[in-house]
Amino acid sequence: MWLRTGCTITFDISIDTPFILMLRPRSGMEQWVARESYTLKPSVLVVEYTDNYGNLCQRLIAPPGEFFIHTSADIQISDVIDVCPGAPFEKVQNLPDAVLTYLLPSRYCESDKFISLGQEIVAGATPGYDQVAAIESWIREQIQFSPDSGHFQLSAVEVNQQREGVCRELAHLGIALCRGLCIPARMVVGYLHELEPMDFHAWFEAYVGGRWYTFDASQSRLKAGRVAVAYGRDAADVAIFNQFGPAVYPREMVVHVEKLAIAPD
């Protein structure tokens, strides 16, 4: 499957404002970026670096006035999402070093507070993939997905109390429940084809059976058509933009995902 993804973001800047952007998808085992464009108006000096999670980040200073960002990419992805019921639980002592950080509590995923609840949810499930699937189903049934929720950046504890949230919050809860069972879990932010309403999307991945698998309790079923832009422990690691100084919010943000009938030239 070929997707054309991108976004347009417009800010009104009052003073020179440092930004860190995280808007470039990277090629990997499950996606290949064939074409990419990245436009800034006015054009400013950009320094790119790779963070601790492998995300491509851009540092810049936006000048006063209108600041416009436009990205577009043609990306080849699989037509299906890999699933593996029965994939085994990985003992902590056997996990790769790079995966260990995804076992620990983090700012929005207080996994140490979800040990008992996690055990209740997965009772009777085979350790590993089936436990994560049970967590995904429980969240889908118990927590209301509200794309227009007025709550702001809830942690796993808060969304469990509020019983509703946007995709980011549902991912926080899934991650915390997994980590409470010693299953590594991480947040993914990116694009989802045919998401309604269209926006950036968040889901989570769990490490079982020697690899990462996708889970998404915000959708009625696990849809393909996903392009990952950023990975991290929780939302604090995967913000599409961070600015420093007086608060700046986008005047306009438009996200688009289009399925291409044929491979791009």
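Net charge dipole, the chain: roughly 280 debye, given to the nearest 20, about the Cα centre with Cβ charges of +1 for Lys and Arg and -1 for Asp and Glu. Here the relative contact order of the stretch 92-237, from alpha carbon pairs under 8 Å that lie six or more residues apart, stands at 27 percent. Rounded to whole numbers, the Karplus 3J(HN,Hα) couplings from phi for the stretch 78-91 are 6, 6, 9, 9, 5, 10, 8, x, x, 4, x, 5, 9, 4 Hz, using 6.51 cos²θ - 1.76 cosθ + 1.60 with θ = phi - 60°, and x at Gly and Pro. Note: the stretch 55-118, Cα convex hull, 241 Å³ per residue. For the stretch 1-64, the list of GluC sites (Glu not before Pro) that fall in a loop by DSSP and count at most 16 other C-beta atoms within 10 angstrom reads Glu30. Taking 0.36 nm per residue of sequence separation and removing the Cα-Cα distance, the Arg35/Val83 pair yields an extension gain of 14.4 nm. Helix 167-180 and the longest principal axis of the C-alpha atoms of the chain enclose an angle of approximately 40°. The relative contact order of the chain comes to 28 percent, based on Cα pairs under 8 Å that sit 6 or more residues apart.
Dividing the summed helix terms, -39500 (n - 2.57) for each DSSP H run of n ≥ 4, by the number of residues in the chain produces a 222 nm estimate of -4500 deg cm²/dmol to the nearest 500.
Taking amide hydrogens as placed 1.01 Å from N in the peptide plane, the amide H of Met198 sits under 5 Å from that of no residue at least 5 positions away in sequence or on another chain.
Return one number: the angle in degrees, 0 to 90 and rounded to the nearest 10, between the long axis of the Cα atoms of helix 129-142 and the longest principal axis of the Cα atoms of the chain. Approximately 70 degrees, to the nearest ten.
Stokes-Einstein diffusion for the stretch 171-265 at 25 °C, viscosity 0.890 mPa s, with a Kirkwood radius from C-alpha pairs, works out to 163 µm²/s. The Kirkwood hydrodynamic radius of the stretch 92-237, based on inverse pair distances between different Cα atoms, is 14.9 Å. Ordering Ser14, Ser72, Ser106 by the number of other Cβ atoms within 10 Å of each residue's own Cβ, fewest first, gives Ser14, Ser72, Ser106.
We did not get these values from a lab; they are worked out from the coordinates using the rules stated. Keep in mind that what you see is a predicted model, and the values were worked out from it rather than measured. Neighbour counts run over all protein chains shown; Cβ positions are idealised from the backbone, glycine included.
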